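Read through the structure below, which is laid out as structure tokens, and then see the notes.
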Amino acid sequence: MVASVSLRQQYGRAILVGAPVEGGANIAGSSRGPSALRMTGLRGMLGKLACRADHGDLAPVGDEPASNPEVACARKPSEVALWIPSLSQAAYELARGGDVPVFLGGDHSLSMGTVDGIARACAENGRELFLLWLDAHPDFNTPATSPSGNPHGMSLAFLCGEPGFEPVLGIPARKAVDPGNVFILGMRSVDADEGEVLKRRGVNLIDMYEIRQRGITAPMRRILGTVAEHDGVLHVSLDADFVDPSFIPAVNVPVPGGVSYAEAQLIMQMLNESGLVASLDVAEFNPLLDAEGQSARAIAELVACLFDQESEGRHDYSRRKSRYGYDAAQVN
Ligand SMILES: [Mn+2]
């Protein structure tokens, strides 16, 4: 079952799943992401207790939908469509078994499948799904609004049931999550039409301006409090471009002005302590841009923070003051 497992219960339940998707981006390399992240020793970093297994890499399934010559905007859409059922089924089965799948991407179109699967498991168990989208971009374009036509910039719109996907993907968008249950954190690059739709749908937006004004602990406390109040299940979709490119440069679409690495670590620690995270995507890392392996290590260490058994003990002092009572100024 999908459960908001406690921190202690999460150990031994994380399962690595490779999602070598790159058809959603206009640059090659993301499909090497899972193997490059494994080469950092990620499984060992999570610890034998935290990581129960490596599921290996998934593969796309099914027949390519017929291409529609009238819809020229989306690049390689059919490849993305073939990944969705494969990722969705894996996410559904692992979540139903009570495991915490960690999807190693892959470009961000992978979330169209993973979140769909988690949503199906939640619906079966009568649990409410919440989505934390850590990203420089809201990924809320549709085939009609996207200036680039790249599906990795459309995944959240797809998951919120926006129209216009069927002619491009061969399948309509199925509403996996209520837009009001979606929190986009770290946003700093929005296309004009995309921004308009976002506002109308009631997605919760915490952009870099707000983070610079208020720090990250206040919005994180609010998000985690909301999920806990609803006894909800939290899926975290981590786009590596969420973190400032000075720390993680090897991403498909870097945008300056993101959170520091210390802030990103704090977010992962707060998520860890909340015990609310049921599944994780790691998207947009591009090993072909990572000659020194710096970005791979930085990403792997962030994932390790989420499952770090020491985390709770390390922050005992802060926890005595209040559950998430960190001073944001300390991490800048
Ligand atoms: Mn993204």
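List of remarks:
- Dipole magnitude of region 7-306, debye to nearest 20 (Cβ charges: Lys/Arg +1, Asp/Glu -1, about Cα centre): 800
- Estimated inter-spin distance, S35 and Y209, nm [label 7 Å along Cα→Cβ]: 4.4
- Remark: region 7-306 projects, on average over all directions, an area of 13.6 nm² (convex hull of Cα atoms).
- The relative contact order of region 144-214, computed from alpha carbon pairs under 8 Å that lie at least 6 residues apart in sequence, is 27 percent.
- Only Cα pairs under 8 Å and 6+ residues apart enter the sum, and on that basis the relative contact order of region 7-306 stands at 22 percent.
- The protection proxy used here, the mean number of other Cβ atoms lying within 10 Å of each residue, ranks peptides 262-269, 149-156 as follows, highest first: 149-156, 262-269.
- Using a simple spin-label model with pseudo-atoms 7 Å out from Cα toward Cβ, L288 and R200 lie 3.6 nm apart.
- Per-pair calculated FRET efficiency, R0 = 30 Å: S260 and T226 via Cβ, rounded to 0.05: 0.75
- Here the Karplus relation 6.51 cos²θ - 1.76 cosθ + 1.60, evaluated at θ = phi - 60°, turns the backbone of region 212-224 into coupling constants of 5, 6, 10, x, 9, 5, 4, x, 5, 4, 5, 5, 5 Hz, with x for every Gly and Pro.
Laboratory data are not the source of any read-out in this text; all were calculated from the coordinates shown. Please read all numbers here as calculations on a predicted model, not as lab measurements. Heads up, the Cβs are rebuilt from the backbone with ideal geometry, glycines too, and the neighbour counts pull from every protein chain shown.
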